[in-house]
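For reference, the structure is listed below as structure tokens.
The values are calculated or read from the model by the stated rules, or taken from the named source; none is laboratory data. Remember, predicted model here, so these are calculated numbers, not experimental data. Note that each Cβ is placed from the backbone with ideal geometry, even for glycine, and that neighbours are counted across all protein chains shown. Each accessible area value is taken on the protein alone, full model and side chains, heavy atoms only, with ligands, DNA and RNA left out. Shrake-Rupley method; radii C 1.70, N 1.55, O 1.52, S 1.80 Å.
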Amino acid sequence: MPSDAADPAVLADLAAACGVSATFTDWQGRETNVPATTTSAVLTAMGFDVGTTAAARRALREVKLAPWRRVLPPVVVAREGRVHHVPVHVPHGDPVDVVVDLEDDGGWAPLRQVDRWIDPVDVDGRLTGRATFELPDDLPLGWHVLRARTPQGETECPVVVTPDVLELPPTLRSGRSWGYQAQLYSVRSSRSWGIGDLADLAELSAVATAQGAGWILVNPLAAAQPVPPMESSPYLPTTRRFVNPVYLRVEDVREVAYLSAQDRALVERLAGGVRPAVRDAGEIDRDRAWAAKLQALEVVHAQGRTPAREAAFRRYVASEEPGLTGFATWCALAERFGLPASQWPPEAADLAAVEASGLAAELAERVDFHRWLQWQCDEQLATAQDAATAPGTGPGIVHDLAVGVHPDGADVWSLGDALAHGVSVGAPPDAFNQQGQDWSQPPWRPDRLADLAYAPFRDMVRTILRHAGGLRVDHVLGLFRLWWIPQGAPPSEGTYVRYDHEALIGILALEAQRAGAVLVGEDLGTVEPWVRDYLADRGILGSAVLWFEYDGKEPKAPEDFRELALASVTVHDLPPTAGYLAQEHVALRDRLGLLTRPVAEERAADAAEQERILGLVRDRGLLAPGADERSTVEALHRYLALSPSLMVGVSLVDAVGDRRTQNQPGTSSEYPNWRMPLTGPDGEVVLLDDLPGHARARSLARTVQEALAERD
């Protein structure tokens, strides 16, 4: 150990106090020690000076004293129907009264002090005592305020009462439901501007409900960069809260109706320049689509608004502040200075600097434009959700929440130290990725989230759920612990950092219940045994993928799948089922040099894995020997429908016989991830216009609908 390095024992104590793991169990079941360099880097990313033993000791003392320096905790998160104890710190011997003010002027109630002695603590030469108060078990759900009154004054903090168990939406309480899983950008109509959009989502919803579907799960629609090149991955957004305006349908903006003939002709010319691309089976060009839409939207924005529309816009802005202006300002700065944001001048370093320098006044009109774009996204999302729920058969649109954000994006710029710097999120080595994974996304700092009363997390979830019937949380395990990787280190040299899952899951459930939405946690991969039980106890559905559902070394019978789950044959990180059955994923990985064993050996192993499932399907009499591809895909879905899972997902690519992979894990520029349009087995484009009469899609929908009815 270098002479100036912190004592490992002190580092270990500080790490334990901050939820940083000193050891972890690897994918082979071995207990593994975390290197001291990793621990130091992670603690530094949390804002601690651990360069020397003395500094690390001071940091540890501050962590231990932090609760005693506060009269009240930064936030109290409790479950409905349960008594919760709140520590209150005052000068030893001083009186204190505590009351809770209920949300929306719902009244107030005094809290009872519990007879519990805690030895006082010396804080900076002053003896500080702890009194314990009891939150009653009959507080209503919501965001309330706790107030402590002492001789020194009044202190307050938020109190969040969350559902003990999230209620299912009414449409899911009456029985199981199936829905489509779709990558919206790939689902294009003859009216699209080169990329699937929110008008297409509304139309797809109508097609799906006519076939008996109750919901549509779409990829994350979160915003990407407003300047080229636009990030293709929906799982690496610049912010998770706001929407990518590339999904807007220009003609559906109300003010288009009031354009002059000249301006309307310009909009039509811009659409005509990109609309032919919808019949091209090649890669989707987001930058070209956005360039055309941006110019058209600027024309529409310049049209102005009636007083009533202006009032509606201002109400929307007020409902999304202060985050909306922060995001819109980042967009305007990206247009002014380009990206990366790390190279912007000092006057653009953060929102305070922008306002102090006068740059905010210069950019005011452009900031207003980007806020207006989000308002239009909000209106078109509302229209899509209305279309999806009109028949009353299901929750409608289910959105997807990515794990994190781009390391040089809007959230990193606007949320400050709520996100950790100098580290990124990933995954430790496992059987499928033996080098581990680095997702290049900065994680939430658990301490700062608590200091901020989880407001950034709440606001993000609340915005997404404004017009949603559900939310799928990608890598929901990240609300329990995340694998932090120090900058410059390989993924294998990371460690787990724990989060207050009771608070995060509770707030997520509260916002979902208020929105009447279902929650689905993507809980695939290495999961601590208790986590799935915890999620189920809170009313959150898990994920079940047919090819991955095993009990030890044997595939599970579908009857043994979880009831609280979204079950599907495939997911977006696997090829469509037609391509999977044809082993096109093996051929692709071989071409890209991603295989770790000879291709013949890989094909044999893959065929054996497929046969383990296909043999079970044949044993049930659902699949005849020698059946063709289409019959096999339908049989797999009929087999899946034998499960008790509440939601059954059908990938839209399976419905039309698509074979191409949307995302090949382990690649970036080597493969055109997230850029494949919807095509049929012949490689020809399938437009949204084709779906109502598409024989293969109608047949698969009918198969799933009948199978669910037979089991129920």
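See the values below:
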{"read-out": "Positions within the range 257-282 being touching a residue at least 40 places away in the same chain (Cβ under 8 Å), under 17 Å from L687 (Cβ atoms) and not small (G, A, S), in sequence order", "value": "V274, R275, V278, R279, D280"}
{"read-out": "Residues (open to solvent by 20 Å² or more (accessible area, probe 1.4 Å), touching a strand residue (DSSP E or B) at 6+ places or on another chain (Cβ under 7 Å) and within 18 Å of W143 (Cβ to Cβ)) located in the range 76-87", "value": "V77, R79, E80, H84"}
{"read-out": "So R589, is it touching an Asp or Glu at 6+ places or on another chain (Cβ under 8 Å), open to solvent by 30 Å² or more (accessible area, probe 1.4 Å) and either in contact (Cβ under 8 Å) with a residue 60 or more places away in the chain or under 30 Å from G539 (Cβ atoms) (or both)", "value": "yes"}
{"read-out": "Residues of the range 667-682 satisfying the condition of being in contact (Cβ under 8 Å) with a residue 40 or more places away in the chain and either open to solvent by less than 30 Å² (accessible area, probe 1.4 Å) or touching a Pro at 6+ places or on another chain (Cβ under 8 Å) (or both)", "value": "T667, Y671, P672, N673, W674, M676, P677, L678, T679"}
{"read-out": "Within the range 379-428, tally of residues that are more than 20 Å from H475 (Cα to Cα) and not in a helix (DSSP H, G or I)", "value": "12"}
{"read-out": "Number of the condition not met by A59 [criteria: (1) farther than 12 Å from A6 by Cα; (2) more than 30 Å from the chain's Cα centre (by Cα); (3) modelled with pLDDT of 95 or more]", "value": "(1)"}
{"read-out": "Selected residue (criterion: nearest to P446 (Cα to Cα)) from residues of the range 27-62 that are part of a helix (DSSP H, G or I) and of a type in the set (K, R)", "value": "R61"}
{"read-out": "Selection status of P228, open to solvent by less than 20 Å² (accessible area, probe 1.4 Å), at pLDDT 95 or above and not acidic (D, E)", "value": "no"}
{"read-out": "Candidates R612, R630 - the one that is out of contact with any strand residue (DSSP E or B) (no Cβ under 9 Å at 6 or more places or on another chain), modelled with pLDDT of 95 or more and open to solvent by 50 Å² or more (accessible area, probe 1.4 Å)", "value": "R630"}
{"read-out": "Residue that is least open to solvent (accessible area, probe 1.4 Å) [pool: residues in the range 433-492 that are among the basic types (K, R) and closer than 21 Å to A16 by Cα]", "value": "R445"}
{"read-out": "The range 636-660, subset among the β-branched types (V, I, T) and open to solvent by less than 10 Å² (accessible area, probe 1.4 Å), residue farthest from D285 (Cα to Cα)", "value": "V648"}
{"read-out": "Subset of the range 44-74 [crowded, with 21+ Cβ neighbours inside 10 Å and either of a type in the set (K, R) or farther than 30 Å from E156 by Cβ (or both)]", "value": "A45, V50, A56"}
{"read-out": "Pairs where the first residue, in the range 490-513, is among the basic types (K, R) and the second is part of a helix (DSSP H, G or I), C-beta under 9 Å, 6+ apart", "value": "R498/P446"}
{"read-out": "Residues within the range 493-536 that are hydroxyl-bearing (S, T, Y), open to solvent by less than 40 Å² (accessible area, probe 1.4 Å) and over 19 Å from A402 (Cβ atoms), tallied", "value": "3"}
{"read-out": "Test for R315: is it assigned to a helix (DSSP H, G or I), under 30 Å from I216 (Cα atoms) and either free of Cβ contacts under 8 Å to residues at least 24 places away in the same chain or touching a Phe, Trp or Tyr at 6+ places or on another chain (Cβ under 7 Å) (or both)", "value": "yes"}
{"read-out": "Inter-residue pairs, beta-carbon under 7 Å, first in the same structural domain as T132 (by the TED database) and on the phi < 0 side of the Ramachandran plot and in the range 95-107, second aromatic (F, W, Y) and part of a strand (DSSP E or B), 6+ apart", "value": "V98/F133; V99/W108; V100/W108; D101/W108; L102/W108; E103/W143"}
{"read-out": "Top-ranked residue in the range 88-100 [being open to solvent by 40 Å² or more (accessible area, probe 1.4 Å) and out of contact with any Gly (no Cβ under 8 Å at 6 or more places or on another chain); ranked as farthest from A503 (Cα to Cα)]", "value": "P95"}
{"read-out": "Strands (runs of 3 or more DSSP E) within the range 450-534 that include 1 or more residues in contact with a strand residue (DSSP E or B) (Cβ under 9 Å, 6 or more places away or on another chain) and more than 29 Å from A41 (Cα to Cα)", "value": "470-473, 518-521"}
{"read-out": "Residue list for the range 128-148, restricted to those being closer than 16 Å to P74 by Cα and among the charged types (D, E, K, R)", "value": "R130, R147"}
{"read-out": "Residue satisfying all of: in the range 347-398; under 26 Å from the mean Cα position of the chain (by Cα), open to solvent by 30 Å² or more (accessible area, probe 1.4 Å) and among the polar types (S, T, N, Q); farthest from D411 (Cα to Cα) among these", "value": "T393"}
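One line per residue, one yes/no per condition, for (1) closer than 30 Å to R462 by Cα; (2) open to solvent by 20 Å² or more (accessible area, probe 1.4 Å):
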{"position": "L236", "(1), (2)": "yes, yes"}
{"position": "V267", "(1), (2)": "no, no"}
{"position": "V274", "(1), (2)": "no, no"}
{"position": "Q295", "(1), (2)": "no, yes"}
